[in-house]
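The values are calculated or read from the model by the stated rules, or taken from the named source; none is laboratory data. The structure presented is a predicted model; accordingly, all values stated were derived computationally and were not measured. Note: ideal-geometry Cβ built from the backbone for every residue, glycine included; neighbour counts use all protein chains shown.
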Amino acid sequence: MEDFYTVDDLAKTLKISRPWLYQLIREQRIPYVRVAGKAVRFRASEIEQWLNEGRGVRYYRDKCRIDPSKMEATSPHGNTPS
């Protein structure tokens, strides 16, 4: 089963505000999927790739001091992927 971030989880992981994350969604600057019509989720694999490809990593490293190698995604069931 694939692992996903919720908006709250990803905002905390990236150390950004929810409004800022929603701005990235509106500008289509971050990969996301819509589930059940309105809910937004982020595939952990796509976020990791997005950060590692430099589409977000340079900006967020400077602004938010994150390290993609230390990111942890949770499954919809609250489990940490292995």
Quiz item: Which of the residues spanning segment 1-17 are touching a residue at least 24 places away in the same chain (Cβ under 8 Å), in a helix (DSSP H, G or I) and not β-branched (Val, Ile, Thr)?
Solution: 9, 10, 14
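Quick check on my filter: what residues within segment 1-20 are over 20 Å from residue 53 (Cα atoms) and either touching an Asp or Glu at 6+ places or on another chain (Cβ under 8 Å) or of a type in the set (Lys, Arg) (or both)?
Listed by number, the residues that qualify are 12, 18.
Of 28, 49, which residue is outside any loop (DSSP other than H, G, I, E, B) and either over 10 Å from the mean Cα position of the chain (by Cα) or of a type in the set (S, T, N, Q) (or both)?
Details: 28 fails: outside any loop (DSSP other than H, G, I, E, B).
Result: 49 is the single residue among 28, 49 that is outside any loop (DSSP other than H, G, I, E, B) and either over 10 Å from the mean Cα position of the chain (by Cα) or of a type in the set (S, T, N, Q) (or both).
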Practice problem: Give segment 21-38 a look and list any residue that's exposed (fewer than 13 other Cβ atoms within 10 Å of the Cβ) and more than 15 Å from residue 51 (Cα to Cα), or say none. | Solution: 26, 27, 33, 34, 35, 36, 37, 38
Quiz prompt | Options 43, 34, 18; residue that is modelled with pLDDT of 90 or more, touching a Pro at 6+ places or on another chain (Cβ under 8 Å) and of a type outside the set (S, T, N, Q) | solution = 43
